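Only one structure is covered here, and it is reproduced in the block below.
The values are calculated or read from the model by the stated rules, or taken from the named source; none is laboratory data. Everything numeric here is computed off the predicted structure, so don't read it as measured data. In this analysis, Cβ positions are derived from the backbone assuming ideal geometry, glycine residues included, and neighbour counts consider all displayed protein chains. Each accessible area value is taken on the protein alone, full model and side chains, heavy atoms only, with ligands, DNA and RNA left out. Shrake-Rupley method; radii C 1.70, N 1.55, O 1.52, S 1.80 Å.
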Amino acid sequence: MKKLIPLLLFVSSFYYVAAQNNADAERMVLEGIALHDKGDYDGAIKKYDEALKLDKNYFDAYYEKSYSLYALGKAKDCLNLSKDIIKKFPEHPMLNAVYIQYGSVLDDMGRPKDAIEVYDEGIKKFPNDYLLYFNKGLTFQKLGRVEEALIEYQHALKLKPLHSSSNYYTGMLLQGQNKIPALLAYCTFLAIEPNSKRSKDGLVSINSIIGMNIKKEGNNNTIFLDVSGFDKKKNPENNFSTVEFMFSLVSTSKEIDSLSKTPADKLSVKLQMLINSLDNKDKENKGFYWEHYAPFFQAMKEKDHVGTLARLIYLSSGDEENTQWVADNEKAVEEFYDWIKAYKWK
């Protein structure tokens with residue numbers, strides 16, 4: 001027993017020192033993050049290096065260092081460190097963040113094919129990370145591969161339906177080819193992000209889509225539609241041609257303009273009439289956008305939240321009356337967001 005006592009004391013001392021080092025390393029990383037947030041990237045990197053001297057297996061220190069390296073403009077150093085992190089920690093549960101950053105850096109460096117390969121590798125390990133799909137979609141979008149980008153955004157939306165950017169870029173890419181799901185995507189985006197810089201662009205796009213098929217000449221309105229879209233045998237998936245035609249008719253109604261006092265009120269009426277035509281009892285209505293957006297907006301109308309949505313959509317317009325309405329109806333806004341957070345997506 002006497003021979004074991006020194007060994008036990010050594011082991012006890014070892015674990016005490018290791019625990020102390022881990023605590024100090026964690027403190028160094030937190031200090032580094034604080035410096036990074038202040039824009040002192042060099043100072044942050046020094047802190048991370050100090051942490052790694054204390055604990056060479058501290059994943060957070062490696063990742064945060066790679067993040068600061070990229071912010072500092074040292075993209076190659078960031079790439080090399082990202083590769084090392086993946087090799088050193090192949091099974092780490094937070095490795096998805098490294099794949100996201102690694103792919104983003106490659107994309108920004110003009111290496112989109114390499115970026116897609118990295119995202120694919122990350123998706124194999126982390127199939128439930130919506131940002132890997134979203135970033136892959138962005139890369140496809142930059143390459144002009146629209147259909148592939150939309151598929152990636154669909155994957156992201158299945159995993160995180162309230163991801164504002166996935167909704168925003170879906171609306172952007174669909175705007176010229178499938179107006180109704182584009183409109184629904186933009187509306188969802190503005191429900192999530194009603195008052196940011198790009199919210200104004202979203203509102204402009206919504207108004208553009210509403211009037212896109214209509215040509216006004218004096219007191220007369222003419223509707224222009226691509227009739228080829230009505231053939232559901234040729235276009236079986238995500239075919240909203242009938243709904244688009246009905247919505248175009250609604251949008252030309254002079255009664256809506258006469259009965260509605262504000263732009264938000266007009267939009268509310270038009271959206272409610274649009275939602276009425278989204279009844280998906282027709283078995284021919286197939287595809288992601290029918291399955292994803294149609295039930296959501298139908299449930300929204302059933303809960304009487306469409307008027308609140310319209311007001312939020314117009315929040316970025318700067319209209320004083322609309323801004324005041326949102327301020328005066330805080331309870332309605334809270335109830336809308338409580339509902340949207342609790343909604344069970346199909």
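Relative protection proxy for 133-142, 84-93, 310-319, from highest mean packing down: 133-142, 310-319, 84-93 (other beta-carbon atoms within 10 angstrom). Comparing Gly137, Pro161, His92 along the charge dipole axis of the range 80-217, the residue lying farthest to the positive side is Pro161, per the Cβ-charge model.
Taking all protein chains into account, the per residue accessible area for the range 303-346 stands at 60 Å² (1.4 Å probe).
When ligands, DNA and RNA are left out and all protein chains stay put, how many square angstrom of accessible area per residue does the range 14-162 have with a 1.4 Å probe?
Accessible area per residue, the range 14-162: 53 Å².
Expressed as a whole percent, the accessible area of the range 27-147 that falls on carbon and sulfur atoms is 51 (1.4 Å probe). Peptide packing: for 332-342, 72-82, 188-198, the average count of neighbouring Cβ atoms within 10 Å per residue gives the ranking 188-198, 72-82, 332-342, highest mean first. With r as the distance between the Cβ atoms of Met109 and Ser196 and R0 = 35 Å, compute the FRET efficiency 1/(1 + (r/R0)^6) and round to 0.05. Efficiency at R0 = 35 Å is approximately 0.80. Students often get this wrong, so check it: of Lys142/Lys200; Lys160/Lys344; Lys270/Lys346; Lys270/Lys301; Lys158/Lys301, which have C-alpha atoms separated by over 20 Å? In this structure, Lys142/Lys200; Lys270/Lys346; Lys158/Lys301 exceed 20 Å between Cα atoms.
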